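Right, one structure below, let's go through it.
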Amino acid sequence: MSTPAEYYRSLPPVSKIYGVACLMTTSAFYLQLYDAWNIALDYGAVFKRLQVWRLITNFFFLGPFSLPFAVRLIMIAKYGVSLERGPFDKRTADYVWMFIFGALSLLVVSAVPYFRYPFLGVSLVFMIAYVWSREFPNARINIYGVVSLKGFYLPWALLALDLIFGNPIKPDILGMLAGHIYYFLTVLHPLAGGNFKFKTPLWGRQINSPVQSDPSAGIVFKGRGHRLGGTQRTAARDTTEGNASASSHQQQTQSNGVAFRGKSHRLNG
């Protein structure tokens, strides 16, 4: 069984950074280091007072320490990590772009007065869960160890639980909407033969997963590598080269001391 430190180091970069950022934001709020409304989304403060940081900071607050906060953090650790290790494996830039597109979509939708919400971090986490449900529709999930469902119904089950527990469901609906828009543009529309292809921008493709600094990390055996079937091909090649060298050496030996070759005739013969 791995230790917490080993588990932390094994997490993929994007999910780890976002999860830690959300945890640190809530921890600082618990220690009363700031007022939550100073990082909330407020378009009036953004445009009138130029407090543009609100467009970003509101995505890192998942609420105070509570059961709903723990559930959201577990969703990042489970479904976010599963996406990053599965469909987005070796596609860190695409995964980052999914976050950026989801955040931009939520900011646009929340500009509508009816959908306005001060903290969109829960919506972004719900978007992750929705995309996971579409990528793993047949996976089996357990809701609090009571109900077993297919992965396709995960966002709807979480929405129902928030409704039963009295939590706001507007952030959940916004996250499902943003997740469906992203999945439609990247998967469903291209599969339907659409000409428009939603791709990661060129500047985003420069993002790569951080590599391990230790060059020997992950190496179990060291030694000389051999390709399958390489021994036979190498032996055949050596044999061919040996025959060619022997033939060349024989010709050279026979031709030593001979200036002209051909039929000889004796004078006055």
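Over region 1-86, the hull volume per residue, using the convex hull of the C-alpha atoms, is 118 Å³. How large is ³J(HN,Hα), in whole Hz, for each residue of region 134-151 in order, when computed from phi with the Karplus curve 6.51 cos²θ - 1.76 cosθ + 1.60 and θ = phi - 60°, using x for Gly and Pro? For region 134-151, the Karplus-derived couplings read 7, 7, 10, x, 9, 5, 8, 10, 10, 9, 6, x, 10, 10, 10, 9, 6, x Hz, x marking Gly and Pro. Applied to region 13-22, the Karplus parametrisation 6.51 cos²θ - 1.76 cosθ + 1.60 on θ = phi - 60° returns per-residue 3J(HN,Hα) values of x, 5, 5, 5, 5, 5, x, 5, 4, 5 Hz, with x for Gly and Pro.
Quick one: net charge of VAL187's neighbours, Cβ under 15 Å, K/R +1, D/E -1? Surrounding charge for VAL187 is +2.
Summing charges over all other residues whose Cβ lies under 13 Å from the Cβ of TYR18, with Lys and Arg as +1 and Asp and Glu as -1, gives +1. For ARG116, the amide hydrogen comes within under 5 Å of no other amide hydrogen, counting only partners 5 or more places away or on other chains and with H modelled in the peptide plane.
Put a dot 7 Å past the Cα of ILE74, heading toward its Cβ, do the same for ARG49, and the two dots end up 3.7 nm apart. Legend: distances between Cα atoms for LYS170/LYS199; LYS90/LYS197; LYS16/LYS197; LYS150/LYS170; LYS16/LYS150; pairs beyond 22 Å are LYS170/LYS199; LYS16/LYS197; LYS150/LYS170; LYS16/LYS150.
Extension gain, TRP37-VAL112: 0.36 nm per intervening residue step, less the Cα-Cα distance, totals 25.0 nm.
Shape analysis of region 54-171 places it in the oblate category; the axes a ≥ b ≥ c from the Cα gyration tensor give an a/c of at least 1.5, with a/b not above b/c.
Computed from backbone phi with θ = phi - 60° and the Karplus coefficients 6.51, -1.76 and 1.60, the 3J(HN,Hα) list for region 160-171 is 5, 5, 4, 5, 5, 7, x, 7, x, 9, 4, x Hz; x is used for glycine and proline. Taking other C-beta atoms within 10 Å as the exposure proxy, ASP162, ASP172 rank ASP162, ASP172 from fewest upward.
Only the coordinates and a few stated rules stand behind these numbers; no lab work does. These numbers come from a predicted model, not from an experiment. Reconstructed Cβ throughout: ideal geometry from the backbone, glycine too, with neighbour counts over all protein chains shown.
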